[in-house]
Amino acid sequence: MERLNDILAKTFKISPGEAEKDLTMPEVAGWDSLTHMDLIVAIEQEFNIQLSGDDIADMLSFEAIRQTVKKYLDA
Amino acid sequence: MKLDGARAIVTGAGAGFGRALTLKLLSAGVKVAAVDMDETKLAELAAEAPDVSTFVCNVADNDQVEKTVADVFSAFNGLEILVNNAGIMKNAPLINLLQRPDRKHSLELWHQVVSVNQNSVFYMSRAVADKMVGARSKGVIVNISSISARGNIGQTAYSATKAAVEAMTKVWAKELGSFGIRAVAVAPGFIDTAGTAAAIEEKMLQRWVDQTPLRRTGRIDEIIATIMFAIENDFINGEVLSVNGGLVL
């Protein structure tokens, strides 16, 4: 998940330490519908996966993002 | 243009730029028809400025615009200044991945923004210009654009309408110039108004401020001064006056 934390830190311009926490969308200053698009593209390119629309819409916390990415990688 | 004794219509006069501009014009001796769809706000304005003439009108409705313009010309016996200020700011990305079940930009929102920001300027300007040309009277149309006309992320509808407003300004400057009617646009950047606060999240606004060389939002009085300059300088025509602290250079 280190690669995922790097993406979170880079996308939301937060420290690596912050990226390791379970922050929710309202708790991250730079997280809105526009940066969410950047996040999804970065994740899909990094892990070579294609997330479903429902999964994308449910990824509203760092923990949800980690669980979702893990689900795709384990599949 | 000599302001004392001139006659003006200001749309969206109930709040923000429109209200401040109305008070400024009145203080300069201009007879002002304050146009707004909010009767309560117009009443509050009239309570503060008894000299103002108020007209309740939804400028996105052409029938109401035609009637209001006729009423103003009848009351004022002419007009030299039109300021198309009424507008709304709505934010939405073209595709919102977080929005279910339909991720696409709302059609309703699109039509609403186009009606209020773009159609209203067209309706009001054609009605006023027709009467100005008919009377062979000189004048100026000032359209309020926005820095968003250059294409702000998350503002498809708002940006499109403001770009349209700037295009109409340039067309009318060319078409009406021979009649002595000027058209000028004023394009504010991010200004400290209630409308801005309501439309833009604080964290997003802070990002824009951080990118502004002057590191602050603009003030309403700084926009009003620019509108007054556009009205008074008889050789400005077809220009877009940007007031954004250097955000776009």
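Things to note:
- Just one of the numbered conditions (1) crowded, with 16+ Cβ neighbours inside 10 Å; (2) within 14 Å of chain A (Cβ to nearest Cβ) is not true of residue B:206: (1).
- Across segment A:41-63, the qualifying residues are those that are hydrophobic (A, V, I, L, M, F, W, C), open to solvent by less than 50 Å² (accessible area, probe 1.4 Å) and not in a helix (DSSP H, G or I), and the one among them that is farthest from the other protein chains (Cβ to nearest Cβ) is A:49.
- The one condition in (1) touching a residue at least 40 places away in the same chain (Cβ under 8 Å); (2) loosely packed, with under 14 Cβ neighbours inside 10 Å; (3) under 30 Å from residue A:31 (Cβ atoms) that residue B:177 fails to fulfil: (3)
- Against the test of being in a helix (DSSP H, G or I), farther than 20 Å from residue B:196 by Cβ and among the acidic types (Asp, Glu), the options B:166, B:175 yield a single qualifying residue, B:175.
- Residue-level check: of (1) hydrophobic (A, V, I, L, M, F, W, C); (2) touching a residue at least 60 places away in the same chain (Cβ under 8 Å); (3) open to solvent by less than 40 Å² (accessible area, probe 1.4 Å), residue A:1 misses just (3).
- A count restricted to segment B:5-22 and to residues that are open to solvent by 20 Å² or more (accessible area, probe 1.4 Å) and closer than 17 Å to residue B:229 by Cβ stands at 2.
- Subset of segment A:28-40 that is more than 8 Å from chain B (Cβ to nearest Cβ) and either in a helix (DSSP H, G or I) or polar (S, T, N, Q) (or both) - its residue that is nearest to residue A:16 (Cα to Cα): A:39
- Within the option set B:90, B:41, B:104, being farther than 19 Å from residue B:121 by Cα, buried (at least 16 other Cβ atoms within 10 Å of the Cβ) and either within 14 Å of another protein chain (Cβ to nearest Cβ) or modelled with pLDDT of 95 or more (or both) holds for one residue only, B:41.
- The condition of being open to solvent by 30 Å² or more (accessible area, probe 1.4 Å) and within 21 Å of residue B:89 (Cβ to Cβ) holds for residue B:156.
- Apart from one condition, residue B:23 fits all of (1) part of a helix (DSSP H, G or I); (2) more than 24 Å from residue B:127 (Cβ to Cβ); (3) without any contact (Cβ under 8 Å) to a residue 24 or more places away in the chain; the exception is (3).
The values are calculated or read from the model by the stated rules, or taken from the named source; none is laboratory data. Small disclaimer: the values here were computed from a predicted structure and weren't measured. Note: ideal-geometry Cβ built from the backbone for every residue, glycine included; neighbour counts use all protein chains shown. Protein only, heavy atoms only, side chains kept; ligands, DNA and RNA dropped before computing areas. Shrake-Rupley method; radii C 1.70, N 1.55, O 1.52, S 1.80 Å.
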